[in-house]
Amino acid sequence: MEPTYADLSVEPARLGNATVRYGNGRFGGDHLKLDAGGSVEFAFETDEDVVEAVLRVTALVSKSGRSPGYAPMTVLVNGEPVASRMTVPGGGDLPQDCDFAVPGRWLRRGRNQVTVRSGADARTMLWLYRVSVDSVHERGRAARAMASAADERSVLRYTTRRRVHSPAGEERRWEPAGRLLVHVDRGERAPIAQLSWRAADGAEAAIGFQSALGDFHGYHRDADGRLAEYRGHLVERRTYPEGTEGVTVHRFRTEEGWGGGWHASGELRMLVDDGGGAPVERLTWRDQRENSGSVAFEAEADGFLGYYQRVGEGPIGYRGTALAKGPADLV
């Protein structure tokens, strides 16, 4: 069956072979909020007989203060219950992937419908992030398609805040810290999950991204050695080269080292600009498919040397030569 999903972490929802309709729900920044009795109707088409399907609902029950919330979730497929008033695990701290087996006899050729409903007696909200359906023989296909669609808008702009670290435990205030621009693309078509970098003046940072890229959290150490918590909130996503006007995007022709030799690979584009002014000299990243890499730049970013590791494989050599210099890199 076709990749079938609804990514509810964006507005409007990003859809694959699906339509969605909400009842008593509203967009909450990077999720859909369902109040008591709220529901989502997720309709999709199939033109084949499916032996068994895997239905994934990514959800969270919002907290009640510091305590776990209460929003029992019911999930129906063409009116048949696959979950009745279940409690989404996790205590309201992180979205959870809830997987359900759907017997093939419950599906039909043509239109099918999944309904996700919050209990009428819910005391807090049910937050929905994603809904997807795969044939049991093609598990993960919808997730890969969803990630690929999300990565089309891979130029990310965040507003940031820092809170200086106090070893003595003194409470410090969060202070505005300007904007952060991020774009790392080597053609894997998977959104970024983690990123760290070091600038030529000694400043460094490491951050982890929320799965829908709406926020990040990490640390930042400035050139004077002052260490601070570092947080960001996404304010804009653009499709390259949009959003990179007036900044330098480094583009490289790359090679991968394995089997005793170097082999041509694809183009790598990199942009990390936190407003500090000093050029980045080292960068390490991991994407949401668990591919990872780390590179150190030559002077003036004429090239780089590093490693790359695809999920499930061993690390390989990675090197690159700049495709353009100076004004030609200003998009």
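Assessment of the stretch 235-244 against the conditions (in contact with a strand residue (DSSP E or B) (Cβ under 8 Å, 6 or more places away or on another chain), at pLDDT below 90, under 22 Å from residue 218 (Cβ atoms) and assigned to a strand (DSSP E or B)) yields at least one matching residue. Restricting the search to the stretch 284-301, which residues are surrounded by 19 or more Cβ atoms within 10 Å (Cβ to Cβ), at pLDDT 95 or above and either in contact with an Asp or Glu (Cβ under 7 Å, 6 or more places away or on another chain) or not aliphatic (A, V, I, L, M) (or both)? If the condition is that a residue be surrounded by 19 or more Cβ atoms within 10 Å (Cβ to Cβ), at pLDDT 95 or above and either in contact with an Asp or Glu (Cβ under 7 Å, 6 or more places away or on another chain) or not aliphatic (A, V, I, L, M) (or both), then 285, 286, 293, 297 are the ones that fit. Please determine, by comparing only the residues of the stretch 182-224 that are over 19 Å from the mean Cα position of the chain (by Cα) and among the charged types (D, E, K, R), which one is nearest to residue 293 (Cα to Cα). Checking each candidate, the answer is 198. For the list (1) touching a Leu at 6+ places or on another chain (Cβ under 8 Å); (2) surrounded by 14 or more Cβ atoms within 10 Å (Cβ to Cβ), I need the number of the one condition that residue 281 fails. Answer for residue 281: the failing condition is (1). Do we have any residue at all in the stretch 116-139 that's under 30 Å from residue 274 (Cβ atoms), among the small types (Gly, Ala, Ser) and under 18 Å from the mean Cα position of the chain (by Cα)? No.
Take the stretch 50-77 and flag every residue that is of a type outside the set (A, V, I, L, M, F, W, C) and farther than 15 Å from residue 1 by Cβ. Residues satisfying the conditions are 58, 62, 63, 64, 65, 66, 67, 68, 69, 70, 72, 74. Where strands (runs of 3 or more DSSP E) sit wholly within the stretch 72-151, those with at least 2 residues that are within 30 Å of residue 184 (Cα to Cα) and among the hydroxyl-bearing types (Ser, Thr, Tyr) occupy 126-135.
Any chance the stretch 91-110 includes a residue that's small (Gly, Ala, Ser), crowded, with 19+ Cβ neighbours inside 10 Å and modelled with pLDDT of 95 or more? No. Number of residues in the stretch 62-78 that are over 18 Å from residue 93 (Cβ atoms) and surrounded by fewer than 17 Cβ atoms within 10 Å (Cβ to Cβ): the value is 2. Of all the listed residues (123, 162), the sole one being in the same structural domain as residue 21 (by TED's automatic domain parsing), at pLDDT 95 or above and over 25 Å from residue 311 (Cα atoms) is 123. Only one of (1) β-branched (Val, Ile, Thr); (2) crowded, with 20+ Cβ neighbours inside 10 Å; (3) out of contact with any strand residue (DSSP E or B) (no Cβ under 6 Å at 6 or more places or on another chain) fails for residue 51. Which number is that? Status for residue 51: all satisfied but (2). Starting from residues that are buried (at least 19 other Cβ atoms within 10 Å of the Cβ) and of a type in the set (Phe, Trp, Tyr), keep the ones in the stretch 225-268 and report whichever is farthest from the chain's Cα centre (by Cα). Of everything passing the filter in the stretch 225-268, 252 is farthest from the chain's Cα centre (by Cα).
Only one entry in 169, 178 is at pLDDT below 95, loosely packed, with under 15 Cβ neighbours inside 10 Å and either outside the structural domain of residue 230 (by TED's automatic domain parsing) or part of a loop (DSSP other than H, G, I, E, B) (or both), namely 169.
The values are calculated or read from the model by the stated rules, or taken from the named source; none is laboratory data. Remember, it's a predicted structure, so these values are computed and weren't measured experimentally. Every residue, glycine as well, gets a Cβ built from its backbone with ideal geometry; the counts of neighbours run over all protein chains shown.
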